[in-house]
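One structure below.
The values are calculated or read from the model by the stated rules, or taken from the named source; none is laboratory data. Keep in mind the model is a prediction, meaning the values are calculated, not measured. Neighbour counts are summed over all protein chains in view; Cβ atoms, including those assigned to glycine, are modelled from backbone coordinates with ideal geometry.
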Amino acid sequence: MTTSQPGTQTNPSPRATRRARARALFLSADFFVGFPLGAALGAITAAFPSAVSDVPTILMAVAAIAAGLAALAIATMTVLLGSFGPAYRALLARVPGGVTGTLVPYRQVVSIAIAASVSGFVVALVWPGLTGAWWWLTATAAGVPFALFCWALLGCVQVVNQLAAHIQANELAEDLAQRTEAARSRRSSNSA
């Protein structure tokens, strides 16, 4: 958040917001753990020639599961939007990004899962042409879908945890709003 004068705040520029979101995406635990883990799993295909013939089947399964992860993230996003009460929406409206900003991690997981799914299908289709290529090319080709898949899988874990935190915060906001309204009602009845 940037400040223009003491005590006043302005929203950050869209460019600054995009940079901050990109930093958060690539500095997250799911990227640091999932991406290298997936890349290592993909590299195993180059290390074990006996596994080369099974790679297209495995990549098709990865692609299908990644599509399921995208659907899970979309369902989680839908539950999240449906769980926001008026008090929590009012609170979120006061923070930069508002309700739309809370959906960014979910949209990122969906995008990564879709990229994993598409890359898995593409690499599975072109795999027969890659089997005679250099080992690093086959490792990289198989590593990309695996890396994106592991990243998306760990991202799903994070957004499900965020969903639980949002639901809890929503309950607290609604409880606070009810208590505030009850206190106002008592004050108005006492002053009358």
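Give the residues of the range 127-185 that are closer than 24 Å to Gly98 by Cα and polar (S, T, N, Q), sorted by residue number.
Matches in the range 127-185: Gln158, Asn161, Gln162, Gln168, Asn170, Gln178, Thr180.
Could you count how many residues in the range 70-123 are at pLDDT below 90, in contact with a Cys (Cβ under 9 Å, 6 or more places away or on another chain) and within 22 Å of Phe35 (Cα to Cα)?
2
Restricting attention to the range 166-173, does a residue exist that is at negative phi, among the charged types (D, E, K, R), free of Cβ contacts under 8 Å to residues at least 60 places away in the same chain and in a helix (DSSP H, G or I)?
Just the residues of the range 166-173 that are at negative phi, to begin with: 166-173.
When the remaining residues are screened for being among the charged types (D, E, K, R), the result is 171.
Add one more test, that the residue is free of Cβ contacts under 8 Å to residues at least 60 places away in the same chain, and what stays is 171.
After this cut, where a residue has to be in a helix (DSSP H, G or I) as well, the list is 171.
Yes, the conditions are met somewhere in the range 166-173.
Identify the single condition in (1) in contact with a helix residue (DSSP H, G or I) (Cβ under 7 Å, 6 or more places away or on another chain); (2) hydrophobic (A, V, I, L, M, F, W, C); (3) touching a residue at least 40 places away in the same chain (Cβ under 8 Å) that Leu137 does not satisfy, given that it satisfies every other one.
Evaluating Leu137 over (1) in contact with a helix residue (DSSP H, G or I) (Cβ under 7 Å, 6 or more places away or on another chain); (2) hydrophobic (A, V, I, L, M, F, W, C); (3) touching a residue at least 40 places away in the same chain (Cβ under 8 Å) leaves (3) as the failure.
Considering only residues that are aromatic (Phe, Trp, Tyr) and either closer than 14 Å to Tyr88 by Cα or modelled with pLDDT under 85 (or both), which ones fall in the range 124-178? Give the steps one after another, and end with the answer.
Our first condition is that a residue be aromatic (Phe, Trp, Tyr); within the range 124-178, this holds for 127, 134-136, 146, 149, 151.
Matches in the range 124-178: Trp134, Trp135, Trp136.
Can you pull out every residue in the range 78-94 that is assigned to a loop (DSSP other than H, G, I, E, B), in contact with a helix residue (DSSP H, G or I) (Cβ under 7 Å, 6 or more places away or on another chain) and without any contact (Cβ under 8 Å) to a residue 40 or more places away in the chain? Give the steps one after another, and end with the answer.
Taking the range 78-94 and keeping what is assigned to a loop (DSSP other than H, G, I, E, B), we get 84-85, 94.
Then drop every residue that is not in contact with a helix residue (DSSP H, G or I) (Cβ under 7 Å, 6 or more places away or on another chain), which leaves 84-85.
Answer for the range 78-94, where residues must be assigned to a loop (DSSP other than H, G, I, E, B), in contact with a helix residue (DSSP H, G or I) (Cβ under 7 Å, 6 or more places away or on another chain) and without any contact (Cβ under 8 Å) to a residue 40 or more places away in the chain: there is none.
May I ask you to say which residue of Ala93, Ala165, Ala75 is out of contact with any strand residue (DSSP E or B) (no Cβ under 7 Å at 6 or more places or on another chain), closer than 22 Å to Ala64 by Cβ and exposed (fewer than 14 other Cβ atoms within 10 Å of the Cβ)? Spell out the reasoning first.
Values: Ala93 fails: closer than 22 Å to Ala64 by Cβ; Ala165 fails: closer than 22 Å to Ala64 by Cβ.
Being out of contact with any strand residue (DSSP E or B) (no Cβ under 7 Å at 6 or more places or on another chain), closer than 22 Å to Ala64 by Cβ and exposed (fewer than 14 other Cβ atoms within 10 Å of the Cβ) holds for just one of Ala93, Ala165, Ala75, which is Ala75.
Output the residues belonging to the range 26-38 that are over 13 Å from Ala152 (Cα atoms) and buried (at least 19 other Cβ atoms within 10 Å of the Cβ). Lay out the reasoning, then the answer.
Initial filter on the range 26-38 (over 13 Å from Ala152 (Cα atoms)): 27.
None - no residue of the range 26-38 is over 13 Å from Ala152 (Cα atoms) and buried (at least 19 other Cβ atoms within 10 Å of the Cβ), so the list stays empty.
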